[in-house]
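The structure appears right after this line, and notes come after that.
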Amino acid sequence: MRWRNRRASQNVEDRRTRSQRKPLAKGGIVGVLILLAAWYFGIDPNLINQVAGPLLDVPSGNTHSDLSPDSDPLAQFTSVVLADTETFWQRAFAEQQQEYQEPTLVLYRGATQTHCGTGQAAMGPFYCPADQTIYIDLSFYEDLRQQLGAPGDFAQAYVIAHEVGHHIQTLTGISQAMHQRQQRMSEAAANQESVKLELQADCLAGVWASYIDQQQWLESGDIEEAMQAAEAIGDDRLQMQSQGRIVPDSFTHGTSAQRLRWFQLGFTTHDPSACDTFNASEL
Ligand SMILES: [Zn+2]
């Protein structure tokens, strides 16, 4: 994908340089007061840290400004891909007289706090609807290449576009409606709903990829890279992997063939409304 010298997103928060757990520094003066009170009243400070830690963890990561294409190409690439999703979805929403609210993307290492609980690198990239944020530990790109056999920058772009797809589903209320339906369903039927949600995100990623194609930013082999990634992280493939990191979010993502088909459908139709997996006669 041609990405150098293009606009990078303003919505990337870089938490990679923050130290992991430092309750005192993190909590600031409030944390100190709580710890003093705990000491005074004889409460185990560790307990306080466990309780207050997440609450006191005010994200203060750097913004995008210190990312540079040369020193930090993966982060810069991710930022340009996010910017491309912003441009595309802004237009698509405007066509429907809607306003697109851009998601945040957090780069982290190891583990980080989210409104959906603690994000861990082993979970793979994920989207948290509660804070409308995509979380990614960039080491996932390495896993994608080495363990999942899906190399190439457009494989990485596809993964981000898929997570942005979940953001679209949240903005449009599709995710919330599905979760409500799932309450009244058997586990198997509820899983099937989750598969439809995932395949729709794949399809939306395909629609976005067709926009990149129209801009002539695709390079030869890019679409194959994305399709390889869609295939590599299908349920059936992942379950065959006996070791290494897995992506738990994807156990209800559909088979490799289904993921491939829906990505391609989005790519060839250029139309988000073609991504209606919930009413499709066949997945
Ligand atoms: Zn997903």
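Here are some notes:
- Placing R0 at 25 angstrom, the Cβ-Cβ distance between Thr87 and Gln180 gives a FRET efficiency of 0.20 after rounding to 0.05.
- Projected label distance in nm at Asp131 and Ala280, using a 7 Å step from Cα toward the beta-carbon: 3.2
- Note on Gln147 and Thr118: their simple-model spin labels are 1.8 nm apart, each label 7 Å out from Cα toward Cβ.
- The range 71-115 shape via C-alpha gyration tensor axes, a/c threshold 1.5: oblate
- DSSP beta bridges in the range 98-193 [antiparallel fraction, %, rounded to 5]: 60
- Packing order of peptides 114-122, 178-186, highest average first: 114-122, 178-186 (average count of other Cβ atoms within 10 Å over each peptide's residues).
- Residue-wise HN-Hα coupling along the range 179-189, computed from phi with Karplus coefficients 6.51, -1.76, 1.60 (Hz; x: Gly, Pro): 4, 5, 4, 4, 4, 9, 10, 5, 4, 5, 5
- Cα centroid separation - the range 202-218 against the range 110-133, whole Å: 26
- Exposure proxy order (Cβ contacts within 10 Å, fewest to most) of Trp208, Trp217: Trp217, Trp208
- At an R0 of 41 angstrom, the distance between the Cβ atoms of Arg2 and Thr172 translates into a FRET efficiency of 0.85.
- Charge tally in the Cβ shell below 14 Å around Tyr100, where Lys, Arg are +1 and Asp, Glu are -1, Tyr100 excluded: -4
Coordinate-derived values only; no laboratory data. From a predicted model like this one, the values you see are computed outputs, not experimental measurements. Don't worry about glycine lacking a Cβ; one is built from the backbone with ideal geometry, like all the others, and counts go over all protein chains shown.
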